[in-house]
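One structure is given below, encoded as structure tokens.
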Amino acid sequence: MSDPLVFILRFAMQVAALLFMLRFVLQAVRASFYNPFCEGIVRFTDPVLRPLRTVLRPYRNLDIASFAVAWVAHMVVSATRVVGMDGVPIDFLFLLSDALYSTLNLMIVIFMVAIFVTVVMSWLAPGIYSPATIIAREVAEPLLAYVRRLLPSFGGLDLSPMVAILALMLVQYFVLGAVLPHHPG
């Protein structure tokens, strides 16, 4: 394949992985699907997920089909990287682990961005309604609430976003990188 076609394919697969992973995370945290932001994600992902859910059934509030589609999209991205290397045979186990790394890393990034957006919007526009801000808060709050329960009180100062982002970064760099070998890029 020519370079522009590979670029377009990778871009399309990365956008698809993002949308399906957002769908997975939104369902996992039980976000409101009446939000316009969520409605758009559902409208885009439902044509793929409806038939796939007959085989990959959800488990509690975990949408296995959404995760699987994000994983497959990342496998396509990994395959385009490997196919670009002349004479290198495709290692299917590498593709699986590299795509799983990318998918789990994307999930961590979604949580970090949600926490960051929640914090910034609480400073800049604390009482303003925004569908994206509400979704960010719904994604971040389960993790932040858990961290708040673990932290001692700091006299009204909420350190949970900082601790949660630090914990996510530790998982991202040390746990995920150690457990799943991947090829950067």
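Take the chain, connect every pair of alpha-carbon atoms lying under 10 Å apart with a spring to form a Gaussian network, then pick out the residue of Leu26, Leu157, Leu96 with the largest mean-square fluctuation. The residue with the greatest mean-square fluctuation here is Leu157. In loop segments of segment 97-173 as defined by DSSP, the chymotrypsin sites (Phe, Trp or Tyr not before Pro) with at most 15 further C-beta atoms inside 10 Å of their C-beta are Tyr129, Phe154. Build a GNM of the chain with springs between Cα atoms under 10 Å apart, and of Ile90, Ile165, Ile108 the one that fluctuates most is Ile90. Structure remark: mean-square fluctuation, Gaussian network model of the chain, C-alpha springs under 10 Å; the largest value among Met75, Met112, Met169 belongs to Met169.
The numbers here are math on the coordinates, done by the rules we state, and not lab data. All values derive from a computational prediction rather than experimental measurement. Neighbour counts are summed over all protein chains in view; Cβ atoms, including those assigned to glycine, are modelled from backbone coordinates with ideal geometry.
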